[in-house]
Amino acid sequence: FHLSGTVTDPATPSSPELVCSVSVSFDRCKITAVTCTCGNKDIFYCAHVVALSLYRVRKPEQVKLHLPISETLFQMSRDQLQKFVQYLISVHHTEVLPTAQKLADEILSQNSEINQVHGAPDPTAGASVDDENCWHLDEEQVQEQVKLFLSQGGYHGSGKQLNLLFSKVREMLKMRDSNGARMLTLITEQFMADPRLALWRQQGTTMTDKYRQLWDELGALWMCIVLNPHCKPEQKSSWLRQLRRWNSVDVCPWEDGNHVNELPNLTHSLPQGAHGNQEMRPHRTVFTRAIEACDLHWQDRHLQHIIASDLYANYCYHDNQEGSLFDSRGWPLWHEHVPTACARVDALRSHGYPREALRLAIAVVNTLRRQQQRQLEHFRRHKKELLHKGHTSITNMEGWVGHPLDPIGTLFSTLTESGRAGEEGSNTCLDLSDCSSVVSRADLQRMPVQRLLGDGESYMALAVETALIGLGQQRVMPDGLYAQEKVCRNEEQLLAKLQEVELDDSLVKIFRKQAVFLLEAGPYSGLGEIVHRESVPMHTFARYLFTSLLPHDAELAYKIALRAMR
């Protein structure tokens, strides 16, 4: 339960040799406390603690194992005990003599508190079975570091340091380390205590984009934490109380960043503008989505089947309903608000379930494809009356590209990283056995073997199609400069990822299919014949499609370019 040793830092031209005394406490396979005389202050263990721990792991035979010190003392005679205590005081007299004298006085006093307690503590005997046991995290140091980075206001690489801390939280979640949520709580408390929030509010100035992006990541991480498929109800209740407390603070940032009167959207003057009643809507904070996600659960039987097995399918199913559970090929669909469904995918990935995340991602993509096909069919049926009107009220108030939860980016990353995730996740399995409706072994044997992909499909092809669907989606321009800039930034990030992909014949086929949909799907497409007047512009996306299609289908490329130039 307790490991101690000395670690030598060899001398360098600039510093002399350093000998450090290190002690490490353990409890139930976790390091619960560390001390080192090096004096380095950091959120993470110093190199000396790591060196001693690795030495114990790699050379266990070199480290002598002792009984707890209380057992050793019990075996000593009275003379041996006296000799032991006097030698201990003699060796460390400057450090322990005041404490030794104080304890001696208390023990000799009949009425002292120490004499009312049976026995004495023993740090080498381990913790009680009822004691909390979690990995050592220096909470004070985490708070100090975050406070320091925030006070630097984005200078000296502090933004990068804060992003590294967020990455560390994601890494901890992936390793199922319970300190992930604890660390994020400490980070959030410091963000909420940042004096600049109140200052900006008073002065009516906006926070910097980089700082806002950190808040976005904070909100997304809380969404991941509350969507942990294995979190206990009491844990979730505790997080919900915390989130509501932060959410109610006056200076809590809004999700759209529109905390002051930014440049007005000129179309607000139009009476039927898409934003006509937006002022009445209560503003959402960066924590609102995580608070709403606390109501979500993983008990749905169909959802459990999707994430539990590659074999889940129904080949006798007739896909003729709006909310069908399977598509025409018999493959599962998952109908849920798209950003929420993608937040589930992100949560599965974040908590170390890459295979399950991939299965759900594929079900979501198949649902998007089916929805796209249904929209095309619907427009073809009502095309004459819509074209005759010359304008449309059909619009997506919430676009997927630039969305706070980044649904398209999540699907794209999950699908493109699937090869590596398959290797990493081969020995991890999400067990939802606490629920009554998991896929039984007999069910799996009855189902014909289904690959996760169709003929000629690849994860990369699915990822590319998903990005094209998201980028081409007709959606209304969001309110506020920050939200609008986020749409552009997210679009640029997705296009940069697409440009890294080499187009082969199968991908060109997908580009053609999506280009035809964009031209023919009317108000459901950002490049349709009729779009809402406040739609997000398609010029950047159209330019990418034009240059990509030009070598393969010049006529289609020019049709796309001309439609985008209206």
Rounded to the nearest 500, what is the 222 nm mean residue ellipticity of the chain from helices alone, with -39500 (n - 2.57) per DSSP H run of 4+ residues and division by all residues? -16500 deg cm²/dmol
Long-range amide H contacts for E255: which residues qualify at under 5 Å (H placed 1.01 Å from N, peptide plane, sequence gap of 5 or more or a different chain)? R284, T285, V286
Across segment 509-523, in residue order, what do the Karplus-derived ³J(HN,Hα) couplings come to in whole Hz, using 6.51 cos²θ - 1.76 cosθ + 1.60 with θ = phi - 60° and x for Gly and Pro? 4, 5, 4, 4, 4, 6, 5, 5, 4, 4, 7, 9, 8, x, x
³J(HN,Hα) computed for each position of segment 37-44 - Karplus, 6.51 cos²θ - 1.76 cosθ + 1.60, integer Hz, glycine/proline x: 7, 5, x, 5, 10, 7, 5, 9
Output the peptides 249-255, 544-550 sorted from most to least packed, where packing is the average of other Cβ atoms within 10 Å over each peptide's residues. 544-550, 249-255
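Cα-based count: Lys pairs in segment 453-566 below 21 Å, eight or more positions apart or different chains? Please list the in-between numbers first.
Working: K486/K497; K497/K509; K497/K513; K509/K559; K513/K559.
Qualifying lysine pairs in segment 453-566: 5.
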Could you work out how far helix 481-499 tilts from the main Cα principal axis of the chain, as a 0 to 90 degree angle to the nearest 10? 90 degrees
Considering amide H positions built from the backbone, and no H for Pro or chain starts, which residues 5 or more places from I31, or on another chain, come under 5 Å of its amide H? H136
Sorted by chain and then number, the residues having a modelled amide H within less than 5 Å of the amide H of F326, at least 5 places away or on another chain, are L333
Would you mind working out the magnitude of the charge dipole of the chain relative to its Cα centre, with +1 at each Lys and Arg C-beta and -1 at each Asp and Glu C-beta, to the nearest 20 Debye? 1360 debye
Relative contact order (%) - segment 1-65, alpha-carbon pairs under 8 angstrom, separation at least six: 25 percent
Listed residue (G219, S418, L453) projecting farthest to the positive dipole end of the chain, Cβ model: L453
Could you run the Debye sum over the Cα atoms of the chain, one equal point scatterer each and no solvent, and tell me log10 of I(q)/I(0) at q = 0.09 Å⁻¹, two decimals? -0.85
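With +1 on each Lys and Arg Cβ and -1 on each Asp and Glu Cβ, and nothing else charged, work out how big the dipole of segment 2-90 is about its Cα centre, in Debye to the nearest 20. Don't jump to the answer; show the numbers that get you there.
On the way: 9 positive and 7 negative charges, 44 e Å.
Dipole magnitude for segment 2-90 comes out near 220 debye.
What relative contact order, as a whole-number percentage, does the chain give when Cα pairs under 8 Å and 6 or more residues apart are counted? Write out the running numbers ahead of the final one.
Details: 686 pairs, mean separation 61.4, N = 566.
It comes to 11 percent, rounded to a whole number.
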If one compares the long axis through the Cα atoms of helix 47-58 with the longest principal axis of the Cα atoms of the chain, the angle in degrees, nearest 10, works out at 80 degrees
Using packing as a proxy for protection, rank 518-530, 236-248 so that the peptide with the highest average count of other Cβ atoms within 10 Å comes first. 518-530, 236-248
In degrees between 0 and 90, to the nearest 10, how far off the longest principal axis of the chain does helix 93-108 point, with axes built from Cα atoms? 70 degrees
Among 80-90, 359-369, how do they line up from the highest to the lowest mean number of other beta-carbon atoms within 10 Å? 359-369, 80-90
Can you list the HN-Hα couplings for segment 540-551, worked out from phi with the Karplus curve (6.51, -1.76, 1.60; θ = phi - 60°), rounded to whole Hz and with x for Gly and Pro? 5, 5, 4, 4, 5, 4, 4, 5, 6, 7, 3, x
Less than 24 Å apart at the alpha-carbon level, and either on another chain or at least 8 residues along: which lysines does that give for K147? K41, K160, K168, K210
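Only the coordinates and a few stated rules stand behind these numbers; no lab work does. Just so you know, these numbers come straight off a predicted model, no measurement behind them. Methodologically, a virtual Cβ is constructed for each residue, glycine included, from the backbone with ideal geometry; neighbour enumeration extends over all protein chains shown.
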